[in-house]
Amino acid sequence: MTQDTRAFIAFGANLGDAVQAHTDAIRAINALPSTRVYARSSLYRSAPVGVLGHPDYINAVLEVRTELAPHTLLDALLAIEQHHGRTRSVTVSPRTMDLDLLLFGNAQIDSATLKIPHPRMHMRAFVLLPLAEIDPALEIPGLGPLSRLLDKVADQVIHRLPPPGTTHTMENALP
Ligand SMILES: Nc1ncnc2c1ncn2[C@@H]1O[C@H](COP(=O)(O)OP(=O)(O)OP(=O)(O)O)[C@@H](O)[C@H]1O
Ligand SMILES: Nc1nc2c(c(=O)[nH]1)N=C(CO)CN2
């Protein structure tokens, strides 16, 4: 019998209706064989890291449970991105949907097409903060406790958004 693996996926979008894209991504992932979205973080907004003059990103993290193999899950995520209209003309170009596979159980993978943990996740508050919302006690294979990685990105400016449809109040307005 195949075992469910606990995997984490980063969602990002900085073009078009990002909230709708997030809903579409969850629906598409839930439609994959033997895969379900188990938990989701809030949405976060931040300036694009690594490039100037592009629109802000909306980011979030999803926890999934899946019986798929890691490469199969990655291929499915790339197909969902493409179905959603993402084109890959230039790296770090604005995109309507970016899905990165962050973690796959305790696996450490270094193949030509798939690297797990995602090689840049440890330096990105827009990944680590939503991940910590789902599981603050997470250990990142090869990198140590998530809490320690978070300390190192504490200077990055990122805003947690209230759930869609919520009236804006001072309680959910983060600095
Ligand atoms: N853990 C991973 N998750 C997603 N893609 C990965 C992963 N490891 C390797 N890749 C490869 O990276 C390619 C995706 O690159 P992509 O264009 O999404 O990068 P990017 O989103 O511009 O940058 P970044 O990866 O820094 O977020 C895929 O074709 C895939 O084969
Ligand atoms: N804030 C933010 N910056 C980025 C992001 C992202 O998702 N959010 N993704 C990138 C390449 O994938 C590059 N820079």
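The values are calculated or read from the model by the stated rules, or taken from the named source; none is laboratory data. Note that the coordinates shown come from a computational prediction; the quantities given were computed from them, not determined experimentally. All Cβ positions, glycine included, derive from the backbone under ideal geometry; neighbour counts span all protein chains shown.
Among what's in the range 9-24 and is within 13 Å of ligand 2 (Cβ to nearest atom) and in a helix (DSSP H, G or I), pick the residue that is farthest from residue 114 (Cα to Cα). Break it down stepwise before answering.
Initially, the range 9-24 is screened for residues within 13 Å of ligand 2 (Cβ to nearest atom), giving 9-15, 18, 21-22.
Checking the rest, the ones that are also in a helix (DSSP H, G or I) come to 18, 21-22.
Values: 18: 25, 21: 23, 22: 23 Å.
Ranking the candidates gives 18 first.
Working carefully through the options 69, 60, 31, find the one that is over 14 Å from residue 7 (Cβ atoms) and within 15 Å of ligand 1 (Cβ to nearest atom).
Step by step, each of 69, 60, 31 is checked, and only 60 is over 14 Å from residue 7 (Cβ atoms) and within 15 Å of ligand 1 (Cβ to nearest atom).
So which pairs qualify, if the first residue must be in the range 102-119 and closer than 13 Å to residue 77 by Cβ and touching a residue at least 40 places away in the same chain (Cβ under 8 Å), the second must be assigned to a loop (DSSP other than H, G, I, E, B) and of a type in the set (Gly, Ala, Ser), the Cβ gap must be under 6 Å, and the two must be at least 6 apart or on different chains?
116/107
Could you please let me know if residue 36 is in contact with a Phe, Trp or Tyr (Cβ under 7 Å, 6 or more places away or on another chain) and either among the basic types (Lys, Arg) or at pLDDT below 90 (or both)?
For residue 36, the condition - in contact with a Phe, Trp or Tyr (Cβ under 7 Å, 6 or more places away or on another chain) and either among the basic types (Lys, Arg) or at pLDDT below 90 (or both) - is not met.
Please count how many residues of the range 25-37 are touching a strand residue (DSSP E or B) at 6+ places or on another chain (Cβ under 8 Å), not hydrophobic (A, V, I, L, M, F, W, C) and not in a loop (DSSP other than H, G, I, E, B). Step through it out loud before you land on a result.
Taking the range 25-37 as the starting set, the residues that turn out to be touching a strand residue (DSSP E or B) at 6+ places or on another chain (Cβ under 8 Å) are 25-26, 29-30, 32, 34-37.
If we keep only those that are not hydrophobic (A, V, I, L, M, F, W, C) as well, we get 30, 34-36.
Then drop every residue that is not not in a loop (DSSP other than H, G, I, E, B), which leaves 30, 35-36.
Result for the range 25-37: 3.
Mind checking whether some residue in the range 44-61 is of a type in the set (Lys, Arg), crowded, with 21+ Cβ neighbours inside 10 Å, in contact (Cβ under 8 Å) with a residue 60 or more places away in the chain and within 12 Å of ligand 2 (Cβ to nearest atom)?
The answer is no, given that none of the residues of the range 44-61 is of a type in the set (Lys, Arg), crowded, with 21+ Cβ neighbours inside 10 Å, in contact (Cβ under 8 Å) with a residue 60 or more places away in the chain and within 12 Å of ligand 2 (Cβ to nearest atom).
Give all pairs with beta carbons closer than 6 Å in which a residue from the range 16-28 that is more than 15 Å from residue 73 (Cα to Cα) meets a residue that is part of a loop (DSSP other than H, G, I, E, B) and among the hydroxyl-bearing types (Ser, Thr, Tyr); count only pairs at least 6 apart in sequence or on separate chains.
16/96; 21/96
Does any residue in the range 146-163 that is touching a residue at least 40 places away in the same chain (Cβ under 8 Å) come within less than 6 Å, Cβ to Cβ, of a residue that is small (Gly, Ala, Ser) six or more places away or on a different chain, and which pairs are these?
156/125; 158/46; 158/125; 160/42
All but one of (1) away from ligand 1 (no atom under 15 Å from the Cβ); (2) closer than 19 Å to residue 128 by Cα hold for residue 3; state the number of the condition that does not hold.
(2)
Residues being surrounded by 15 or more Cβ atoms within 10 Å (Cβ to Cβ) and touching a Leu at 6+ places or on another chain (Cβ under 9 Å): count how many of those fall in the range 119-134. Even if it seems obvious, please write down each step before you answer.
Step one: of the range 119-134, the residues surrounded by 15 or more Cβ atoms within 10 Å (Cβ to Cβ) are 121-122, 124-134.
So of that shortlist, the ones also touching a Leu at 6+ places or on another chain (Cβ under 9 Å) come out as 121-122, 125, 127-132, 134.
Count: 10.
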